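Working notes, beginning with the structure itself.
The values are calculated or read from the model by the stated rules, or taken from the named source; none is laboratory data. If you're wondering where the values come from, they're calculated on a predicted model, not measured in any experiment. Note: ideal-geometry Cβ built from the backbone for every residue, glycine included; neighbour counts use all protein chains shown. Each accessible area value is taken on the protein alone, full model and side chains, heavy atoms only, with ligands, DNA and RNA left out. Shrake-Rupley method; radii C 1.70, N 1.55, O 1.52, S 1.80 Å.
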Amino acid sequence: MMTKRADGQPMIMLARKNTEFGEITILRSRATGAVAYCHGDHYQSEADPNGISLAGYIHALHALVAQTAAKDVLMIGCGGGTLGTMLKATGQQVTVVDINPESIALAQEYFALPPEIACHIGDGEAFLEDHPKLYDAIVVDAFAGDKVPPNLCSAAFFKLARSRLTASGSLFLNIFVAHDLDADADRIAGRMAEAGFPVRLLDLPGRIVRNVIVMGGAVMSLQPPSLLLLPALEADAIAKELEQMRFRGSRARYRVVSSAKSAELSEG
């Protein structure tokens, strides 16, 4: 079966799974061999045939984690598992937790997620509560639709995550924002700061519907990310996107923007 991306590129359907957490579809480009992971209507992951991500924010996360010299990394949220594949390729020990068992199975089958990566099924918060192990970095890249599940971006969760990090550990959380006045990333940064983290954000100002990385811990000296692993496709475009990303602090004035105003801006 074939479908098309928003840009019109023909795609072959490799798999479709109806799961407790929604439908997952795996697509492959006829032209390039790129593989895409779709959850409902959302493209959550895309990779070259070797499992290297074609998403700029994944390469940003990879470069940021690599700068921290983290050896032991916990990923909450799997999708296509591309970040885990890339971290493994650069020498990190990776543990993946995802609430949907089909996600991990599909990542292993279609996205080259290495079999030696430890994978656990369950909620990320519950996993941290039940496993007192310390990590050098924790990455949260988990979504219900286009939002991070509320329990994975609360001050209580961030306090728990902080207790599961080494003294020089770092926390990274990926979020979607709709536009420059979308306050969600700044609200999450405020909760992260409330949990005791020094906080920075990596943003791509001006772009509509984009990823923002909210980070806390030993992150204040991190440099702008660069491309560490070259994908077989779209490397130049990804490198250019990384060059456009900027660090910033939390914008306190955004916290007072009402959700009604935010909805009005989104609809406009």
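Before moving on, here are some points about what is shown:
- Residues located in segment 189-211, provided they are surrounded by fewer than 21 Cβ atoms within 10 Å (Cβ to Cβ), of a type outside the set (D, E, K, R) and over 17 Å from the mean Cα position of the chain (by Cα): Gly190, Ala193, Ala195, Gly196, Pro198, Pro205, Gly206, Ile208
- Of all residues in segment 171-203, those that are outside any helix (DSSP H, G or I), out of contact with any Gly (no Cβ under 6 Å at 6 or more places or on another chain), without any contact (Cβ under 8 Å) to a residue 40 or more places away in the chain and not acidic (Asp, Glu) total 5.
- Any chance Asp48 is within 23 Å of Val35 (Cα to Cα) and either surrounded by fewer than 24 Cβ atoms within 10 Å (Cβ to Cβ) or of a type in the set (Lys, Arg) (or both): yes
- Of all the listed residues (Tyr110, Tyr37), the sole one being buried (at least 24 other Cβ atoms within 10 Å of the Cβ), of a type in the set (Ser, Thr, Tyr) and touching a residue at least 40 places away in the same chain (Cβ under 8 Å) is Tyr37.
- When Gly206, Gly216 are checked against the criterion of being small (Gly, Ala, Ser) and part of a loop (DSSP other than H, G, I, E, B), Gly206 stands alone in meeting it.
- Figure legend. Inter-residue proximity from segment 40-63: first residues over 14 Å from Leu173 (Cα atoms) and at pLDDT 95 or above, second residues part of a strand (DSSP E or B) and β-branched (Val, Ile, Thr), beta-carbon distance below 6 Å, spacing 6+ or different chains. Indicated pairs: Ala47/Val35.
- Of the strands (runs of 3 or more DSSP E) lying entirely inside segment 60-170, those containing at least 2 residues that are closer than 29 Å to Ala235 by Cβ and not charged (D, E, K, R) are 72-76, 93-98, 135-140.
- Residue check for Gln67: in contact with an Asp or Glu (Cβ under 7 Å, 6 or more places away or on another chain) and within 18 Å of Ser170 (Cα to Cα): no
- Among the residues making up segment 134-164, a single one is open to solvent by 60 Å² or more (accessible area, probe 1.4 Å), closer than 16 Å to Asp123 by Cβ and of a type in the set (Lys, Arg): Lys147.
- Of note, Ser221 satisfies the criterion of being farther than 24 Å from Lys147 by Cβ, over 18 Å from the mean Cα position of the chain (by Cα) and polar (S, T, N, Q).
- Looking only at segment 227-258, and only at residues there that are surrounded by 13 or more Cβ atoms within 10 Å (Cβ to Cβ) and hydroxyl-bearing (Ser, Thr, Tyr), the one that is modelled with the highest pLDDT: Ser250
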